[in-house]
Amino acid sequence: MSDTPTTWLQSLPKVCLHDHLDGGLLPETMIELAQEIGHELPAEEPQALAAWFKQAADSRSLERYLETFEHTVALMQTAENLRRVAMEHVLTLAADGVIYGEVRWAPELHLTQGLSMAQAVEAVADGLMDGMEQVGQAGGRILVNQILCAMRHQNNSLEVVKTALAYRPLGVVGFDLAGPEDGFSAADHAEALDLAARHFLPVTLHAGEAYGLDSIRQALGAGRALRLGHGVRITEDITARTLAEIDPTGELLPDADREQTVLQLGEVAEWVKNRRTTLETCPCSNLQTDAAEHLDRVGLGLDFEPARSYEEHPVALLLQAGFAVTINPDNRLMSSTSMTREFAELARYHGFGLTEFFEVTLNAINGAFCSQDEKQALLRSVQMVYSQLALQEQEGESRVSGA
Ligand SMILES: [Zn+2]
């Protein structure tokens with residue numbers, strides 16, 4: 001199959017729920033900011049720098065992956081720089097076809113030059129506003145809100161939730177726990193999570209990425225998470241059974257193909273599916289950190305074996321199985337990705353077309369932490385574009401699937 005033209009995919013209206021501010025800097029900007037503050041980068045030319053990030057993130061360990069952030073975070077320690085990075089983030093999203101985004105970041109990592117958490121959040125809010133205004137002046141339309149993260153291995157979560165609550169009027173819409181998952185339980189942040197719950201601040205937690213099903217249990221239990229950051233290890237709670245195994249005597253399903261395989265869900269997977277808990281799936285990122293189970297092994301009860309190519313990622317299986325799958329870039333710089341690239345890979349390796357792109361976009365709108373009025377407006381724009389494209393497809397002008 002030939003490549004799906006990315007210009008077409010780029011123009012699709014997209015909703016992006018899992019995107020890190022410090023994972024999406026432009027290499028050109030990094031070089032400029034690094035020169036200003038005397039920070040030494042691993043490369044001094046934009047292309048070489050982008051390649052270095054990709055390579056470091058390809059090293060297949062979440063810990064190593066997180067190291068790359070030392071360089072980006074070092075450049076985001078002043079209000080001016082935070083504002084610029086946030087503004088450019090919005091422009092990047094708009095160029096990627098995103099009409100609604102939630103950008104997440106951890107204010108506690110940006111205080112080394114004397115900013116308070118509040119000042120840092122205000123700087124990002126200003127930058128996002130600048131970006132949205134610029135997109136508006138150019139005739140486009142985009143809304144980008146903030147999700148504030150606390151680091152799992154630190155003790156700042158209560159302050160982060162308090163800051164998030166205080167800055168709701170400036171577009172802070174949710175709370176997240178990021179950083180090393182294994183050994184750092186969501187329950188360790190019960191005080192912060194309880195405060196968020198008492199004030200009905202929506203929560204999404206990184207869970208089921210670097211650590212398995214237990215982490216998802218904690219996110220849903222202690223965290224009352226409405227969405228799961230990645231959540232891809234939900235596959236550990238899925239069992240593939242043949243009808244012969246389910247109905248050994250053949251009395252229940254006498255006419256069925258006894259070799260047919262069905263997926264049975266455990267209690268966690270059933271909750272996630274039936275309550276429509278949004279899965280913030282980030283396939284490119286998962287391939288770099290070995291987070292996703294190999295598609296061919298899902299449900300077989302074998303030892304964990306990671307997906308190493310897009311084709312092996314279980315994203316399409318999860319969508320088909322009825323989970324509220326959304327598609328996200330996670331860290332544009334480290335994964336050298338974008339929403340458009342993720343869509344292109346899905347078209348190429350999993351046969352996604354208009355129907356699937358529409359479904360994941362609807363899932364993202366449903367899971368978004370913005371207001372219901374904003375969701376209705378997003379839905380109207382998305383429906384308008386997709387119904388026009390569906391009409392064109394019927395008329396034989398399909399540009400999906402490389403046709
Ligand atoms: Zn993430």
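Determine the dipole magnitude for the chain: charges of +1 sit on the beta-carbon of Lys and Arg, -1 on that of Asp and Glu, nothing else is charged, the reference point is the Cα centre, and the result goes in debye to the nearest 20.
960
Working from the alpha-carbon coordinates of the chain, get Rg over Rh, Rh being the Kirkwood radius.
0.97
Tell me, what is the 1.4 Å probe accessible area of TYR211, in Å² to the nearest 10?
The accessible area comes out at roughly 80 Å².
Can you pull the accessible area of ARG258 for me, 1.4 Å probe, Å² to the nearest 10?
That residue has around 80 Å² of solvent-accessible surface.
In square angstrom, what is the accessible area per residue of the chain with a 1.4 angstrom probe?
42
When the accessible area of the chain is computed with all protein chains present and a 1.4 Å probe, what percentage of it is carbon and sulfur?
For the chain, the apolar C and S fraction of the accessible surface comes to 48 percent.
Can you show me the helix-derived [θ] at 222 nm for the chain, built from DSSP H runs with n ≥ 4 at -39,500 (n - 2.57) apiece and divided by the number of residues, rounded to the nearest 500.
-13500 deg cm²/dmol
How far apart, in nm, are the 7 Å Cα→Cβ label points at ALA51 and THR261?
It is 4.0 nm.
Name the most mobile residue of GLY140, GLY127, GLY367, meaning the one with the largest mean-square fluctuation, in a Gaussian network model of the chain with Cα contacts below 10 Å.
In this elastic network of the chain, the residue with the biggest mean-square fluctuation among GLY140, GLY127, GLY367 is GLY140.
The values are calculated or read from the model by the stated rules, or taken from the named source; none is laboratory data. From a predicted model like this one, the values you see are computed outputs, not experimental measurements. Note that we place each Cβ from the backbone using ideal geometry, even for glycine, and neighbour counts take in every protein chain shown. These accessible areas exclude ligands, DNA and RNA; they are computed on the full protein's heavy atoms, side chains included. Shrake-Rupley method; radii C 1.70, N 1.55, O 1.52, S 1.80 Å.
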